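Written below as C-alpha cells is the structure these notes are about.
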Amino acid sequence: MSQALLLIDLQNDYFPGGAMELIGSTAAVVQAASLLRRFREKNLPVIHIRHVATRPGATFFLPGTAGAEIHADVAPRAEETVFQKHFPNSFRKTPLLEHLRRHGITQLVVAGMMTHMCVDTTVRAAADLGFQCRLAADACATRDLAFGGVTVPAAQVQAAFFAALNGAFANVQTADDIGV
C-alpha cells in the first residue's frame with residue numbers, strides 16, 4: 001500500500017494576524033510539520049493543497065496576497081507537488097485524483113485547515129473514491145461556528161467533526177500515533 005501526506009490549506013490567513021484566524025492553528029502546524037518531516041525523511045510523497053479564493057466577495061486567500069501563501073513551517077520543497085483549488089473539496093476541478101492514481105497511492109495521511117470545511121469535505125470525498133484515510137486530529141484547526149443563535153466553540157466543532165469522520169471515512173489519530 002502506497003501512502004502520501006496530504007496537507008490541506010495550511011496558509012497564512014489562518015494564523016494569528018491573518019484574515020481568517022483559526023483557533024489552534026499554531027499548535028496544529030507544529031504537528032503538521034512533524035508529519036511532513038517524517039514523510040520527507042522516508043522519501044514518501046507529499047502533496048500540498050493551496051486554496052485561492054475566486055468567489056466574489058471573498059475575504060481571505062485572495063490571489064497574490066501573503067495570506068494565500070503556504071505557512072513557512074510547512075512550505076513545499078521544489079520537488080513536492082502543489083495543487084491549487086478554488087472549492088472546499090481538494091478533488092473538485094483539480095488534478096489530485098489523477099495524480100494519486102497515476103502514482104499508485106491508496107492511503108492518505110491528512111492534516112490541514114479548516115476541519116469543518118475543507119478537511120471534512122476532502123476526507124469524505126477521498127473515502128468515497130476508495131482511499132484509506134488517516135486524519136491527524138492535532139494537525140488540524142477550525143473556528144467557532146454559530147447557528148440558530150447558538151455559538152459552538154471550536155473545540156466542540158473539532159470533536160463533532162472528528163467523531164463523524166472516525167471509522168466511516170477515516171481513522172482519526174494524533175500525528176504522533178500515525179505510523180509512517
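General remarks:
- Here Arg143 does not fit the description of being under 21 Å from Pro45 (Cβ atoms), at pLDDT 95 or above and among the basic types (Lys, Arg).
- Residue within the range 117-124 that is in contact (Cβ under 8 Å) with a residue 40 or more places away in the chain, in contact with a Cys (Cβ under 7 Å, 6 or more places away or on another chain) and among the aliphatic types (A, V, I, L, M) present: yes
- The range 5-40, subset over 20 Å from Met114 (Cα atoms) and in contact (Cβ under 8 Å) with a residue 12 or more places away in the chain, residue surrounded by the fewest Cβ atoms within 10 Å (Cβ to Cβ): Arg40
- Residues within the range 67-90 that are within 20 Å of Ala141 (Cα to Cα) and in contact with a helix residue (DSSP H, G or I) (Cβ under 6 Å, 6 or more places away or on another chain), tallied: 8
- Single residue of the range 140-164 satisfying the filter (in contact with a helix residue (DSSP H, G or I) (Cβ under 6 Å, 6 or more places away or on another chain) and crowded, with 18+ Cβ neighbours inside 10 Å) that is farthest from Asp120 (Cα to Cα): Arg143
- There is at least one residue in the range 120-134 that is over 13 Å from the mean Cα position of the chain (by Cα), surrounded by fewer than 22 Cβ atoms within 10 Å (Cβ to Cβ) and within 22 Å of Ser34 (Cα to Cα).
- Residues that are closer than 26 Å to Pro16 by Cβ and of a type in the set (Ser, Thr, Tyr) within the range 83-127 comprise Ser90, Thr115, Thr121, Thr122, listed in sequence order.
- Of the residues making up the range 97-153, those that are of a type in the set (A, V, I, L, M, F, W, C), more than 17 Å from Ala28 (Cα to Cα) and assigned to a loop (DSSP other than H, G, I, E, B) are Leu129, Phe131.
- For the range 1-27, residues that are aromatic (Phe, Trp, Tyr) and within 14 Å of Ile49 (Cβ to Cβ) total 1.
- Of the strands (runs of 3 or more DSSP E) that lie entirely inside the range 1-94, those containing 1 or more residues that are in contact with a Gly (Cβ under 6 Å, 6 or more places away or on another chain) span 2-8.
- Filter pass, Ala163 being within 22 Å of His48 (Cβ to Cβ) and either in contact (Cβ under 8 Å) with a residue 12 or more places away in the chain or not in a loop (DSSP other than H, G, I, E, B) (or both): no
The values are calculated or read from the model by the stated rules, or taken from the named source; none is laboratory data. No experiment lies behind these values; they were computed from the predicted model shown. Glycine also receives a Cβ, built like all others from the backbone with ideal geometry; neighbour counts cover every protein chain displayed.
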